Each structure stands twice: as C-alpha cells, then as structure tokens.
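Take a look at the structure set out below.
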Amino acid sequence: CAMSSKHGSVNHNPHITDKLEILAKTYKNTKDQWRSLGYSKAVAVLKEHPKPIESWEEAAALPSIGQQIADKIWEIVQSGCLRRLDEVMSGDKMAAINLFNDVWGAGPGTAERWVQQGFRTLDDVRAHPDQITKQQAIGLNHFEDFLDRMPRSEAAEIENMVQTSALAIAKGLIVQACGSYRRGKPTCGDTDVLITHPDGSSHVGVLHQLVLDLHQSGFITDDLVTATDGTHRKYLGACKLPGENRKHRRIDIIVVPYTEYACALLYFTGSAHFNRSMRLLAIKKGMTLSEHRLNAGVIRKGKEKLSKGQPLSTPTEESVFEHLGLPYRPPEERDH
Ligand code: DCP
Ligand code: MG
Ligand code: MN
C-alpha cells in the first residue's frame, strides 16, 4: 500500500496464490464481487508472508484468512491441487464467462446474459448484433489485439504521434504518457496520454480538434467513449500506428486544466491499487484526494460528509505526498 515501505518482497507461496488468484478473478467475472474481494485480500496477505505456509493453523492465524480459505490453502499445501478450482474451470459456462469478460465494454452482467442466451464462443456473440452495444462490437472486432500488451517502445511511438498532432493545435501543450508506461513497465495494456497547458487556458477545445485530426490521419480507428468529468475531458478509443504489421491499440486521452495537473498526473499514473491506498490514507487524515484535487479539513460523520473542506495547493506530485505526510515515491515504485 501507499504507506508500506517494502516493495518487491519475495512471494514464498506462489503455488497457493496462483490458484487463489484464479478463483478471485473467476468470482469477479460472475458478479460475486464480495467473494472475489475475500480471495484477493487473502492473496495479498499470503504474498507478504515471510515463509511458505506449513500448517492450517498458520494460514488461519493470518489477517483476512478465515476458516474456509484456510481449508483451501491447506488442501493446496497437502495435495498440490484445489478441487474447487477444477470444478470452476471445467464448466463450459465458466470458460465462456471468463472469455466474454475479456471483451472490451462487456462486464460480468453482460457476460452472464450472453451465457444464459446460450452463447459460448465469440462467434456466437458476433452472430447476434442485436445483443451487442457499439463498444462491444469494437471490442469483438479487435479482441486479440486489445488483449495483447504492447512493448513500451510502441507506447512511446503512440505518445509521440499524439504529441506531434497536439502541438500543431497549440504550442506549449504538455503531452505525456502516464499509466503503466510512466511506471516503467516493459509492456503496456494501452497508452494513457495526459494533456494540459501551463498557461491555464490553452488546453480548452484541444481534445475535440485532436481527435478530429487523428481520425483524419488514420491513426485513430474507433471511438469508444467521449466524456466530460467536471473540468476533465476524456477520450477512450483505438488507434493504429502507420506501417505494416501493426496492431490496433487502446488509447486513453485526458485533457485537464493546469491547476489540476499534479493530481491528474498522480491519478493517471496509478497504479489503480496505489491510488486506492492513497485515497484511503487521505480519508484517514481528514482529507479527500481525487483526480482533480486534494482537499483538507474534511469533516465526516460516519460516511456522510458534513464539510468538503478546502483545496490545498498542489503544484507538483511531490507536494501531494508532502501534504499527506508521505515520503515521495517515484512512478516506478507505485505498483502497490
Ligand atoms: N485508474 C484508477 N482506477 C481504475 C482505473 C484506472 O485509479 N479503476 C488509474 C490508475 C491507472 C491509470 O488510471 O494506472 C490508467 O489506467 P489503465 O487501466 O490504463 O491501467 P495501467 O496503465 O496502470 O495498466 P495497463 O498497462 O494495463 O494499461
Ligand atoms: Mg494503461
Ligand atoms: Mn488506460
């Protein structure tokens, strides 16, 4: 989490966590979010455990691990297998649910509906256009491409392409790839481009023109979402670099006012898990952290907010860490 100082510690129980992670993912795909969360928490605890689990009692004594999960851990330790996992994996319905959850724009609800309608393969779904949203149609079209993670060098090419186009619209724009790319990952699921302008106003109207221009040049191939969230404008789509043998890649672009640059940069760099723990920490300190700003002096009564507090000055990411009383963490160390 954002507060812990240990990173990259060795997992002494991969034989257990590998199996429990599959269960967590499967339950997530079936809307059984509560059970999924239980397994995810157990996996996180096991990954921090300093040694291989050797007894049922050792497992059950850990936080977030109850008797049922301890039983499963013990079964894996003793037999190397987990019957529940075999049951879950062997069902053709379960396999289809897991497949359908990988279609962009389809969540657990859609996946379950498609399965109930008797669909088991992507072609079954494709044969029923009346059951597919526009976004899901794009997801089905680029199914293999979207699942494939691109090398970070390709994310850099995409960042460059967007940067060149944006700078032709307004000089001085800051155009920067965030997400897994900024965290230094070797591969990226998409490219997350953040745009702002230091003069505080020239970012306005840029996104609309940029998307038009990138369509014109053939770089953007599909639009998934265009939305406004307060002062942020957001675009999700698909793009393809020029040249032979290029895959369609997911691209996310957000355009923000310069006053919100640091909080937006922090948010868009992630990871999602890191953001959640930063936000929780802010709440513990009587603050709220969002992709827009950091507020202090928030007064809560239970979950209800009596006062939303006042925004703090956050010119840099460092300043956000400082307000929260945390040592600065560079992007490469924000995976957890
Ligand atoms: N984000 C978040 N909460 C979410 C989704 C996203 O806080 N539920 C933030 C943190 C992410 C960033 O947005 O790092 C970009 O989202 P991505 O889904 O693109 O995730 P990553 O770039 O981190 O990983 P990937 O390589 O899979 O794209
Ligand atoms: Mg990303
Ligand atoms: Mn993204």
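The values are calculated or read from the model by the stated rules, or taken from the named source; none is laboratory data. Keep in mind the model is a prediction, meaning the values are calculated, not measured. Cβ: placed from backbone, ideal geometry, glycine included. Neighbour counts: every protein chain shown.
So here's what we get for this one:
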quantity: For residue 2: the one exception among (1) buried (at least 17 other Cβ atoms within 10 Å of the Cβ); (2) modelled with pLDDT of 95 or more; (3) assigned to a loop (DSSP other than H, G, I, E, B); calculated: (2)
quantity: Members of the range 159-194 that are hydrophobic (A, V, I, L, M, F, W, C), part of a loop (DSSP other than H, G, I, E, B) and over 14 Å from the mean Cα position of the chain (by Cα); calculated: 170, 173
quantity: Criterion (of a type outside the set (D, E, K, R), in contact with a helix residue (DSSP H, G or I) (Cβ under 9 Å, 6 or more places away or on another chain) and either assigned to a strand (DSSP E or B) or crowded, with 16+ Cβ neighbours inside 10 Å (or both)) met by exactly one of 313, 319; calculated: 319
quantity: In the range 105-157, residue farthest from residue 240 (Cα to Cα) [restricted to those that are aromatic (Phe, Trp, Tyr) and in a helix (DSSP H, G or I)]; calculated: 114
quantity: In the range 61-117, the residues that are within 27 Å of residue 224 (Cβ to Cβ) and either loosely packed, with under 11 Cβ neighbours inside 10 Å or of a type in the set (D, E, K, R) (or both); calculated: 102, 109, 112, 113, 116
quantity: The range 282-336, subset within 12 Å of residue 262 (Cβ to Cβ) and among the hydrophobic types (A, V, I, L, M, F, W, C), residue nearest to the chain's Cα centre (by Cα); calculated: 289
quantity: When residues of the range 195-242 are limited to those that are more than 21 Å from residue 150 (Cβ to Cβ), loosely packed, with under 15 Cβ neighbours inside 10 Å and among the aliphatic types (A, V, I, L, M), the one nearest to the chain's Cα centre (by Cα); calculated: 227
quantity: The range 243-277, residues that are of a type in the set (Ser, Thr, Tyr), without any contact (Cβ under 8 Å) to a residue 60 or more places away in the chain and buried (at least 20 other Cβ atoms within 10 Å of the Cβ); calculated: 267
